[in-house]
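To start, the structure under review is shown below, and the notes come after it.
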Amino acid sequence: MCPDAGAPGPAELRARAARAVDAVRRRGLALDEVLGTGTPPLVRELAFGTCRRYFSLRGAVDARLSHPLRDRDQDVYALLLVGLYQLRHLRVPDHAAVSETVAATRVLGKPWARGLVNGVLRRAAEAPASTSSEEERWDHPAWLLDATRAAWPDRCPELFETNNGRAPMALRVNRAKHGVPAYRALLDAAGFAHRPGVAPASLVLETPVPAARLPGYDAGSVAVQDEAAQVAATLLPQTPGARVLDACAAPGGKAFGLLEAAPSLAVTALDASEDRLTRLRSEADRLGHRLADVLAGDATDTAWWDGTPYDAVLVDAPCSGTGTLRRHPDIKVSRTPDHVRNAADRQRAMLANLWGVLSSGGTLLYCTCSVLPEENDAVMEDFLAVTPDAASVPLDAPWGRSTDHGRILLPSPGGPDGFYFARVAKAPGA
Ligand SMILES: C[S@@+](CC[C@H](N)C(=O)[O-])C[C@H]1O[C@@H](n2cnc3c(N)ncnc32)[C@H](O)[C@@H]1O
């Protein structure tokens, strides 16, 4: 069979992965942003895997470089990481991994680096992997190891191991189209083994598959969404006809889950990102959902608000994403304690502002996919301290564990992502 003349060759794939890892390291970009849809699977595997194992790979590469590479050659450094990832973690034969990675130096326009890449990878391939620091041992940055241990001492080091594993693929059955048992029967008939997740419409596949192969995917029977994220819809009041604001809505998973549980709700989707709202609109079309309104705007001000209070507000706040490291291992590479502090400041600003658009007697649900108390209980603590008409509403649930002001699910192997929820009610007549 003739190879596809237009398909990128093995060296090109390695160079692409190296550029993506370089963009995470030096520009703080997320891999999902850098690698659009349609990226070849090997590039994704190399880039995500290198970020997942970044700290141990970095240690091994640094130990074999006689001096640091110049700023303008950091793409070569990223290529070394990608090359070593193949040697240590993929079943690519060593000689192929080394020769294709060496050939990628030409694709990067750095043919002078052939000898360097060849030498470092060969020396690394010959030596057994060893670790000399906690960062290398657990493949997490030191600040995150410290913060996670301080928050969840009884769950470390399992949390680190879980974070370095693969995320399961969870589905949300679109109950506007199918009952959950009926969709399970479709999965059974298609041969996709599954189990129920923590939320009522969640199913977790034993083996991930491309979404388009799921029964009824094009017809909107199902969506891909982590089981923990699906819990949000169960914690909001579902009074028929109620006006609900989803203040950080895109790409829409929680808003759609809510509509599937309670189709008569009038859900307004607000988000600061036009691009993400475009994805939300097309997902609404696929699933067959109608939102009351879709607004581009900033949840820290009210320029977008028509002045009519909402009966419920969902604040699925932008956060560090530390509960989702299996899906977004680049977070370990690009984020710093400053990101967490800035996220917490923005979360406080959102809550303070959105409290003003909630009706008296209304409910606000705050959630993050962070496992760090700085973005969770500490934010709620500050909010409750300065908001006299807010009262915490306990979340009694069979999942997760309770915290001072809410409830948290921590990531577990084969199980949900990390997610924090806190619910507050506004005093009637306030
Ligand atoms: C955790 S994601 C939301 C996920 C979404 N709720 C879902 O379930 O599909 C956070 C969202 O907040 C949005 N965002 C960030 N800053 C914002 C702001 N100041 N105002 C409104 N939305 C904002 C981001 O664009 C992003 O879409």
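One table, with the values for the structure above:
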{"item": "Failed condition for ALA211, given (1) out of contact with any strand residue (DSSP E or B) (no Cβ under 9 Å at 6 or more places or on another chain); (2) more than 24 Å from ALA397 (Cβ to Cβ); (3) small (Gly, Ala, Ser)", "result": "(1)"}
{"item": "From ASP417, ASP404, residue being in a loop (DSSP other than H, G, I, E, B), buried (at least 20 other Cβ atoms within 10 Å of the Cβ) and of a type in the set (D, E, K, R)", "result": "ASP417"}
{"item": "Filter result (within 19 Å of ALA233 (Cα to Cα) and within 16 Å of the ligand (Cβ to nearest atom)) within region 359-383", "result": "LEU364, LEU365, TYR366, CYS367, THR368, CYS369, SER370, ASN376"}
{"item": "Qualifying position, being away from the ligand (no atom under 12 Å from the Cβ), charged (D, E, K, R), under 20 Å from the mean Cα position of the chain (by Cα) and not assigned by TED's automatic domain parsing to the domain that holds SER56, among ARG243, ARG290, ARG326, ARG276", "result": "ARG326"}
{"item": "Among (1) within 23 Å of LYS426 (Cα to Cα); (2) within 15 Å of the ligand (Cβ to nearest atom); (3) in a strand (DSSP E or B) - the single one LEU295 does not satisfy", "result": "(1)"}
{"item": "Residue in region 383-397 that is surrounded by the most Cβ atoms within 10 Å (Cβ to Cβ), counting only those that are under 16 Å from ALA425 (Cα atoms) and under 26 Å from the mean Cα position of the chain (by Cα)", "result": "PHE383"}
{"item": "Exclusive hit being outside the structural domain of ASP330 (by TED's automatic domain parsing), on the phi > 0 side of the Ramachandran plot and either touching a residue at least 40 places away in the same chain (Cβ under 8 Å) or exposed (fewer than 15 other Cβ atoms within 10 Å of the Cβ) (or both), set GLY179, GLY220, GLY197, GLY216", "result": "GLY220"}
{"item": "Every pair of residues 6+ apart whose Cβ atoms lie under 6 Å, when the first sits in region 337-351 and is touching a residue at least 12 places away in the same chain (Cβ under 8 Å) while the second is among the β-branched types (Val, Ile, Thr) and away from the ligand (no atom under 13 Å from the Cβ)", "result": "ALA344/VAL379; GLN347/VAL379; ARG348/VAL379"}
{"item": "Helices (runs of 4 or more DSSP H) enclosed by region 46-148 - at least 3 residues per element that are modelled with pLDDT of 95 or more and farther than 30 Å from PRO373 by Cα", "result": "74-89, 94-107, 114-126"}
{"item": "Looking only at region 254-273, and only at residues there that are part of a strand (DSSP E or B) and within 11 Å of the ligand (Cβ to nearest atom), the one that is nearest to the chain's Cα centre (by Cα)", "result": "ASP271"}
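The values are calculated or read from the model by the stated rules, or taken from the named source; none is laboratory data. Everything quoted here is computed from the prediction, not taken from an experiment. Here Cβ is always computed from backbone atoms with ideal geometry, including for glycine, and neighbour counts include all displayed protein chains.
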